[in-house]
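Colleague: Before anything else, here's the structure in question.
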Amino acid sequence: MVSGKTGAPRTSRGAAYGDPTAIELGGSTVLRPTRDPADWVQILEADPGLAGALPEGTRGDAALFALAMTRWLEPGEWSPDPETGDGAGQLGLLVLDGFMVRHVQVIDRPPAELFGPGDLLHPWEPDHCEPFDAGVRWDVLEMTRVAVLDRRFAALISRWPDLVAALVARAIARSRSLLLNLAISQLVGVDIRLLVQLWHIAQRWGFRDAAGCVVPVHLTHQLLANLISAQRPTVTSALAVLSEQGRLTRRRDGLIVLHGDPPTEFRHLRSTLP
C-alpha cells in the first residue's frame, strides 16, 4: 500500500489558511483550518467547474470558506489510509491533479476505470457484485493530488446547496462515463475501440499542441486493453496499425498524440480502417 503525502511537491493552485481564526458566517462561528497552509486548498479556485455552478452573488463567500485538505498520492498501488478517513460522513476525494485507475478483479481481464482531474471518488464504498466475489485494486499512475471532502467540509458547504448539487452531479457524471465505456467496449474492432477511447480521454483531459490532440497520461498496453475489454497483444497490434495510418504518433515524452478529427461516426470510421 502506498500512502498519500500531506503537502505539495509543487505550488498549490488554491489559496489556503493556517491560523486558527474564528469567523462569523451566517450567524454561526466557523474555524479556519489550523494545519500547514500548503496542505489546504480553496476548492472553487482549484476546480473552476464547481465555481461555475454557483450564483455569482454567493460565489465569493463559498470560495472563501470551502476549504479542503489536500493529499499527494505516490505512483503505485494505493488504498485509503487513516489520513484520508474511513469514509463516514465524507463526500469523497476530489481529484485535482494526476490520474488513478480502479481495477475490478472479477475475470481474467479485469475491467479498469480511469480517474482524472474533476472526478469525485468514494473508495471506501463496497462493491455490490453479488453473487460474485470481486476484489478491487487502485493504482496511482503519476503523482496525484486529491482534496479530502471530509465531514467538516460537508457540514460547511451545506450552506450552499448549489455547491452540494454540483458535487452530486460529478458522481452522476461518473456513472454516465461508465456507460460510455461500456458502449465503447461493444464496438466491433479493437482498432475502433482503442481510437474512440483515446479520443475520449484526450478531449476530456488533454490539450492540443502543434501536432494534434495530446492524451495527457502514460497508458500501458495492458491498461489500454483493460479499458476497452481487449487482449494486450491485440492492443499492441492495433496501436501499430493506427500509427501506420497516421492516426496517432508518440511524442518524445511517450505521450500519445491523436491526429485528424475525433471519430463521431463509427460506421464511416469502420469503412476507413482495415
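Colleague: Quick one: which of Leu54, Leu44 is of a type in the set (A, V, I, L, M, F, W, C) and either assigned to a loop (DSSP other than H, G, I, E, B) or more than 22 Å from Arg152 (Cβ to Cβ) (or both)?
Modeller: Leu54
Colleague: Somewhere in segment 122-141, is a residue of a type in the set (Lys, Arg), at pLDDT 90 or above, closer than 23 Å to Ile184 by Cα and in the same structural domain as Ala165 (by TED's automatic domain parsing)?
Modeller: no
Colleague: Given the structure, is Glu265 modelled with pLDDT under 90 and not assigned by TED's automatic domain parsing to the domain that holds Gly116?
Modeller: Answer is yes for this residue.
Colleague: On the given criteria, is Ala211 more than 23 Å from Asp119 (Cα to Cα), part of a loop (DSSP other than H, G, I, E, B) and touching a strand residue (DSSP E or B) at 6+ places or on another chain (Cβ under 9 Å)?
Modeller: Here the answer is yes, as Ala211 does meet what is asked.
Colleague: When segment 184-208 is examined, which residues are found to be part of a helix (DSSP H, G or I) and out of contact with any helix residue (DSSP H, G or I) (no Cβ under 9 Å at 6 or more places or on another chain)?
Modeller: Of everything in segment 184-208, those that are part of a helix (DSSP H, G or I) and out of contact with any helix residue (DSSP H, G or I) (no Cβ under 9 Å at 6 or more places or on another chain) turn out to be Trp199, Ala202, Gln203, Trp205.
Colleague: Are there any pairs, at least 6 apart or on different chains, whose C-beta atoms fall under 9 Å, with the first in segment 186-204 and over 18 Å from Thr220 (Cβ atoms) and the second among the hydroxyl-bearing types (Ser, Thr, Tyr) and in a loop (DSSP other than H, G, I, E, B), and if so, which?
Modeller: Filtered contacts from segment 186-204: Gln186/Ser229.
Colleague: Still on this structure, please answer the following. How do the pairs read when you match residues in segment 148-164 that are assigned by TED's automatic domain parsing to the domain that holds Gly60 and touching a residue at least 40 places away in the same chain (Cβ under 8 Å) with residues anywhere that are of a type in the set (Ser, Thr, Tyr) and part of a helix (DSSP H, G or I), using Cβ under 7 Å and keeping only pairs 6 or more apart or on different chains?
Modeller: Val148/Thr84; Trp160/Thr58
Colleague: Going through Thr58, Thr70 one at a time, which residue ends up being hydroxyl-bearing (Ser, Thr, Tyr) and modelled with pLDDT of 90 or more?
Modeller: Going through Thr58, Thr70 in turn, just one is hydroxyl-bearing (Ser, Thr, Tyr) and modelled with pLDDT of 90 or more: Thr70.
Colleague: May I pose another question? I need a count of the residues in segment 221-256 that are loosely packed, with under 12 Cβ neighbours inside 10 Å and not charged (D, E, K, R).
Modeller: 4
Colleague: Taking the options Ala15, Ala22, name whichever one is at pLDDT below 70, under 26 Å from Ala169 (Cβ atoms) and in contact with a strand residue (DSSP E or B) (Cβ under 6 Å, 6 or more places away or on another chain).
Modeller: Answer to the check: Ala15.
Colleague: Also, quick follow-up: Does Ala38 meet the test of being at pLDDT 90 or above, outside any loop (DSSP other than H, G, I, E, B) and touching a strand residue (DSSP E or B) at 6+ places or on another chain (Cβ under 9 Å)?
Modeller: For Ala38, the condition - at pLDDT 90 or above, outside any loop (DSSP other than H, G, I, E, B) and touching a strand residue (DSSP E or B) at 6+ places or on another chain (Cβ under 9 Å) - is not met.
Colleague: Would it be correct to say that Val215 is on the phi < 0 side of the Ramachandran plot, in contact with a Gly (Cβ under 6 Å, 6 or more places away or on another chain) and not acidic (Asp, Glu)?
Modeller: yes
The values are calculated or read from the model by the stated rules, or taken from the named source; none is laboratory data. Remember, it's a predicted structure, so these values are computed and weren't measured experimentally. FYI the Cβ positions are ideal-geometry reconstructions off the backbone, even for glycines, and counts take in every protein chain you see.
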